[in-house]
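Asker: Dropping a structure here in C-alpha cells format, bear with me for questions.
The values are calculated or read from the model by the stated rules, or taken from the named source; none is laboratory data. These figures come from a predicted structure and were not determined experimentally. Ideal geometry is used to build each Cβ from the backbone, glycine not excepted, and the neighbour counts take in all protein chains shown. The area values use the complete protein model at the heavy-atom level, side chains included, leaving out ligands, DNA and RNA. Shrake-Rupley method; radii C 1.70, N 1.55, O 1.52, S 1.80 Å.
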Amino acid sequence: MVHHIIGNIIDSTKKRVDDLKKNNSYSGIDKTDIRNIETIINETKKYYKVPVIAEIKPASPSTFYREISPPDAASIAKEMEKAGAAAISVLTEPDYFHGSIDNLDYVRNESTLPVLRKDFIIDETQMDEQQTDLILLIASVLGNQLENFVSTAQSKGIQPLVEVHDRNELEKALQTSAKIIGINNRNLNTFEIDLQTTYDLAPIIKQYDIENNTNHIVISESGIDSQEDVKQLINSGADALLIGSSIIKSDDIYSKTKELVESLK
C-alpha cells in the first residue's frame, strides 16, 4: 500500500489527464528526434566520470526548494550540462513537486542532452503531451499495466525508465522489454530513504543479465548527497545516478554537479 500522499498525487494526476483529453492539448512524439542515453552513459564511463542524471526539482511533497520558471529551468539545465551531467531529469508534476510541462519543453530546447520526463504516468495520453527522450514508469503505480506502458513508450520512440523499490517489483520489471531500470532508494510506503535498496537490488540485475545474456542499465535514485554515496552506489552495480535534491538546493549548481560527476577521480 503506497503512502497516502502518493494516492493524493495520483488523484490529482487523474484530473490532469482528464483535462488533457478534454483540451486535446498534446502533439505527439517525433521519433526522429530522440537522444539515446545509453550512448552517453557509456561515453561518460570511458572517461572515469560518473553518469549523473541531474534533476530540475522545484519541490518534493515535504520540501520546497525554489521556484523554477521555464527560463530558469533552461538556465539550470545548461549549468548541469556544462558540469558534465549525462542527462537532465525534469519534474513535470505541478501540484506536489511544482514542476511543469513548460519546464520540460524549455530544457529540451536549450540542452543537447537526453531529457527524462519525471512524473506520475498513469495514462498513455501523457506520453504524447511533450517531446521527451525518456519517461519514468513507476512499477508500484502501474502494477499489472507496466508491460503495456513499457511497450507503448517504446512504440513511440521513448525510452522507458522503470522504477522499482523491492525484489518483487524488480522481478516484474525484468519481465518487460525495458532496458533501463531505476532503483528508488525511497520507500513509497513510508517515504524513508535507504541506499541499501540499491546495494541489494543492483547485483540481482547484473546477475540476471549474465544468466540471460541481456544488458540493463541500472540507475540509482534518491538520497544521494556526497561523493562517498556515489562511489558506494557505483561499486554496488549502479551504472548511473539520478540526483535531484542535493544539486538543486546547492548555492552553486554547476560546482555541485561537477563534484558528483567527478567522484571517482
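Asker: At 1.4 Å probe size, with the rest of the protein present, what percent of the exposed accessible area of the range 1-44 is carbon and sulfur atoms? Write down the numbers at each step before the final one.
Answerer: Details: 1350 of 2870 Å².
Roughly 47 percent of what the probe reaches on the range 1-44 is carbon or sulfur.
Asker: Using helices alone, what [θ] at 222 nm do you get for the chain, with -39,500 (n - 2.57) per DSSP H run of 4 or more residues, divided over all residues and rounded to the nearest 500?
Answerer: Values: 11 runs with 115 residues, N = 265.
Roughly -13000 deg cm²/dmol at 222 nm, from the helical runs in the chain.
Asker: Let me ask you something else. Evaluate E = 1/(1 + (r/R0)^6) for Asn148 and Asp225, where r is the Cβ-Cβ distance and R0 equals 35 Å; express this FRET efficiency to the nearest 0.05.
Answerer: Details: r = 36 Å, r/R0 = 1.02.
Efficiency at R0 = 35 Å is approximately 0.45.
Asker: Right, something else. Once you mark the GluC sites (Glu not before Pro) that are in a DSSP loop and have at most 14 other Cβ atoms within 10 Å, what is the longest gap between them in the chain?
Answerer: Values: sites that count: Glu67, Glu192.
Of all site-free stretches, the longest is 68-191.
Asker: Could you sort His4, His98 by accessible area so the largest value comes first, with the probe set to 1.4 Å? Could the numbers behind the result be given before it?
Answerer: Values: His4 125, His98 75 Å².
Heavy-atom accessible area, descending, gives His4, His98.
Asker: Cα convex hull of the chain: mean projected area in nm², to one decimal? Before the final figure, lay out the partial values.
Answerer: Details: hull surface 51.2 nm².
For the Cα atoms of the chain, the hull's average projected area reads 12.8 nm².
Asker: How long is the gain from Asn24 to His4 if the chain were fully straight, where each residue apart is worth 0.36 nm and the alpha carbon distance is subtracted? Mind showing how you got there, number by number?
Answerer: Details: separation 20, 0.36 × 20 = 7.20 nm, distance 3.00 nm.
Going from the current span to full extension adds 4.2 nm.
Asker: Once you have the Cα-Cα distance between Tyr47 and Glu124, take 0.36 nm times their residue separation minus that, and quote the gain in nm to one decimal.
Answerer: Numbers: separation 77, 0.36 × 77 = 27.72 nm, distance 3.76 nm.
Once the chain is fully extended between Tyr47 and Glu124, it gains 24.0 nm.
Asker: After finding the eigenvalues of the alpha carbon gyration tensor for the range 15-119, what semi-axes result from the square roots of 5 times each, listed largest first in whole Å? The partial results should precede the final answer.
Answerer: Working: eigenvalues 128, 64, 26 Å².
Result for the range 15-119: semi-axes of 25, 18, 12 Å.
Asker: Just from the alpha-carbon atoms, what are the Rg and Dmax of the range 128-254 in angstroms?
Answerer: Gyration radius and largest Cα-Cα distance of the range 128-254: 14.7, 45 Å.
Asker: Next question, about the same structure. Computing the accessible area with a 1.4 Å probe over protein heavy atoms, can you report the carbon and sulfur percentage for the range 95-213? Don't skip to the end; give the middle numbers.
Answerer: Values: 1970 of 4770 Å².
So the carbon and sulfur contribution to the accessible surface is 41 percent.
Asker: Long-range amide H contacts for Tyr65: which residues qualify at under 5 Å (H placed 1.01 Å from N, peptide plane, sequence gap of 5 or more or a different chain)?
Answerer: HN-HN under 5 Å from Tyr65: Ala59, Ser60.
Asker: Put +1 on the Cβ of each Lys and Arg and -1 on the Cβ of each Asp and Glu in the chain; which of Ala54, Ile183, Leu195 then has its Cα farthest toward the positive end of the dipole?
Answerer: Ala54
Asker: Moving on to the next point. What percent of all Cα-Cα pairs in the range 196-265 falls into each 5 Å bin, going from 0 up to the bin containing the maximum distance?
Answerer: 3, 17, 26, 20, 14, 10, 6, 3, 1, 0
Asker: Here's a follow-up. For a paramagnetic label modelled at 7 Å from the Cα of Thr32 toward its Cβ, which residues of the range 150-164 fall within the zone defined by backbone nitrogen distances under 17 Å?
Answerer: 156-158
Asker: So, for the range 52-129, what is the accessible surface per residue at a probe of 1.4 Å, expressed in square angstrom? Don't jump to the answer; show the numbers that get you there.
Answerer: Details: 2640 Å² over 78 residues.
Dividing the accessible area of the range 52-129 by its residue count gives 34 Å².
Asker: Okay, next question. Put Lys265, Lys21, Lys156, Lys258 in order of accessible area, largest first, 1.4 Å probe: what do you get? Before the final figure, lay out each step's value.
Answerer: On the way: Lys265 150, Lys21 100, Lys156 45, Lys258 70 Å².
From most exposed to least exposed: Lys265, Lys21, Lys258, Lys156.
Asker: Considering only DSSP beta bridges with both partners in the chain, what is the antiparallel share in %, to the nearest 5? All intermediate terms of the calculation are to be shown ahead of the outcome.
Answerer: Details: 2 of 32 bridges.
Bridges in the chain are about 5 percent antiparallel.
Asker: Additional query: Between Asn212 and Asn109, what length in nm is gained on full extension when 0.36 nm per residue of separation is reduced by their alpha carbon distance? Working shown, then result.
Answerer: Working: separation 103, 0.36 × 103 = 37.08 nm, distance 3.83 nm.
Value of the extension gain: 33.2 nm.
Asker: Mind pulling up the Rg/Rh value for the range 125-165? Radius of gyration and Kirkwood radius, both on Cα.
Answerer: Taking Rg over the Kirkwood Rh, I get 0.94.
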